[in-house]
1. List every DSSP H helix in the chain whose Cα atoms extend 15 Å or more along the helix's own long axis and whose mean Kyte-Doolittle hydropathy is at least -0.5.
2. Add -39500 (n - 2.57) for each DSSP H run of 4 or more in the chain, then divide by its residues: what number comes out at 222 nm, to the nearest 500 deg cm²/dmol?
3. With Cβ to Cβ distances under 14 Å as the rule, what net charge do the other residues near residue 42 carry (K, R +1; D, E -1)?
4. Take the alpha-carbon centre of the stretch 83-127, take the same for the stretch 1-51, and report the distance between them in whole Å.
5. Using Cα pairs under 8 angstrom and six or more residues apart, how large is the relative contact order of the chain, in percent?
6. Tell me, what is the percent relative contact order of the stretch 22-79, built from C-alpha pairs under 8 Å that lie six or more residues apart?
7. Project the alpha carbons of the chain onto their principal axes and report the range along each, largest first, in whole Å.
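Nothing in this text is a laboratory measurement; each read-out follows from the coordinates by a stated rule. For clarity, every value in this text was computed on a predicted model and none was experimentally measured. All Cβ positions, even for glycine, are placed from backbone atoms using ideal geometry, and neighbour counts span all protein chains on display.
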Amino acid sequence: MNRYFQEVRDAHALIRDCLGDAHTPDAVCDALLARFSPAFTMVTPRGIIMDFSAVDSLFRSQRGVRAGLTIAIEELHIVTENEAGATVTYKERQTIPGQGETLRFATAVFEIAADGRVIWRHLHETWL
């Protein structure tokens, strides 16, 4: 599988664990946040702009608030890719028992870190 597609899937598995289970160990949230650039920015589906600090606070304070959360990643596409990183689009389907599901379209910009890891640089999500 393409390494950027794998990163999207792996990061969302950690997001599911952090938000969906109040007993998730700190190490899981630490592993998730280590995937983001310190310069990370995000535009939420509601149009709120968040930096790394805000995303860090979100995941650490919202642990377990979406009990039973499942996340499905669909329709991954490479927009552009080069030696410095890539831009990827995908659909994200979130389901919480008893609350139905939400669907969003996302565009993610990835960079390659000095150690060769794929890191999230920017994310823009839109409700579908």
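1. Numbers: long enough: 3-20 (25 Å, -0.40).
What comes out of the filter, once short or polar helices are dropped, is 3-20.
2. Numbers: 3 runs with 36 residues, N = 128.
Helix contribution divided over all residues of the chain: -8500 deg cm²/dmol.
3. Details: positive: 35, 46, 104, 121; negative: 51, 56, 92, 125.
Net charge in that neighbourhood comes out at 0.
4. Value for the Cα centre distance between the two parts: 8 Å.
5. Details: 247 pairs, mean separation 32.3, N = 128.
Value for the chain: 25 percent.
6. Numbers: 28 pairs, mean separation 19.8, N = 58.
Relative contact order of the stretch 22-79: 34 percent.
7. 43, 30, 29
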